[in-house]
Amino acid sequence: MKTQFSNRTEAGKFLSENLTAYVDRDDVVVLALPRGGVPVAAAVANKLKAPLDVFVVRKLGVPYHPELAMGAIATGGVRVLNQAVVQALRIPEIVIDAVVADEQQELARRERAYRDDLPSPDVIGKTVILVDDGIATGATMRAAVSSLRQLNAARIVVAAPVIAGSSYYEIRRAADDVAAVIVTDNFHGVGQFYEDFSQTTDEEVRQLLAEANVRPPLLPIPSH
């Protein structure tokens, strides 16, 4: 049984073995949650012979404890709150709105950085394989699923190399299907399951999208 991946690309190759039912289908699109989900999704898309794109979602971190998610926002104006966290910490609406405003700016920046002026991926009537490098609380992924529902995706398959056991069943309820290599309650952070968990850069995201032929090359091709 796999317990750790060397890097995100290897994790994507293992994950793709659980998605063979979607190989070479013209109704399938692979969408990655940037940035860390993109190298994983690139390996999945290559295996499935499916187009690759990004779907931008931002976690809403608790002030003074930003690693703790109190919710998330996604393209399309979707906002998902973790009411258990909000109520336990008695976070007022004005604080939530301030965090949403900050993250909305970053969401817009990333959409410009990755997509330029190109439109969002067309998911109407499509089977969407929604990929991240790991799922902890699940707030970000649930926001992505909710947004894709609004965009009329026909079927949503959440795929991640590792998913915390506490979030797995919530994700199963939100999505139409879930694919994972590791589901465990011994979960302290996504990074524990990777030997190399270095941050994926904006440039790497753009390069992977270019290699998947959904974006023009980063550098112009010189004429001869």
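The values are calculated or read from the model by the stated rules, or taken from the named source; none is laboratory data. Here the structure is a predicted model, which means the values were calculated and not measured. Note that each Cβ is placed from the backbone with ideal geometry, even for glycine, and that neighbours are counted across all protein chains shown.
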So which residues in region 191-203 are crowded, with 17+ Cβ neighbours inside 10 Å and of a type outside the set (S, T, N, Q), if there are any at all?
Phe193, Tyr194, Phe197
Note on region 137-193: residues closer than 24 Å to Glu103 by Cα, in contact with a Ser or Thr (Cβ under 8 Å, 6 or more places away or on another chain) and not aliphatic (A, V, I, L, M) are Thr137, Gly138, Ser147, Ser167
If you take the residues of region 23-60 that are basic (Lys, Arg) and more than 12 Å from the chain's Cα centre (by Cα), which of them is farthest from Leu107 (Cα to Cα)?
Arg25
Conditions (1) at pLDDT 95 or above; (2) among the β-branched types (Val, Ile, Thr); (3) within 17 Å of the chain's Cα centre (by Cα); (4) farther than 18 Å from Ile135 by Cβ: number failed by Thr20:
(3)
Condition broken by Asp26, with the remaining ones in (1) crowded, with 24+ Cβ neighbours inside 10 Å; (2) out of contact with any Phe, Trp or Tyr (no Cβ under 8 Å at 6 or more places or on another chain) satisfied
(1)
Taking Ala45 and the conditions (1) modelled with pLDDT of 95 or more; (2) out of contact with any Pro (no Cβ under 8 Å at 6 or more places or on another chain), which numbered condition does it fall short on, given that it satisfies the others?
(2)
Can you tell me which of Ala212, Ala180, Ala160, Ala136 is out of contact with any Lys or Arg (no Cβ under 9 Å at 6 or more places or on another chain), at pLDDT below 90 and surrounded by 13 or more Cβ atoms within 10 Å (Cβ to Cβ)?
Ala212
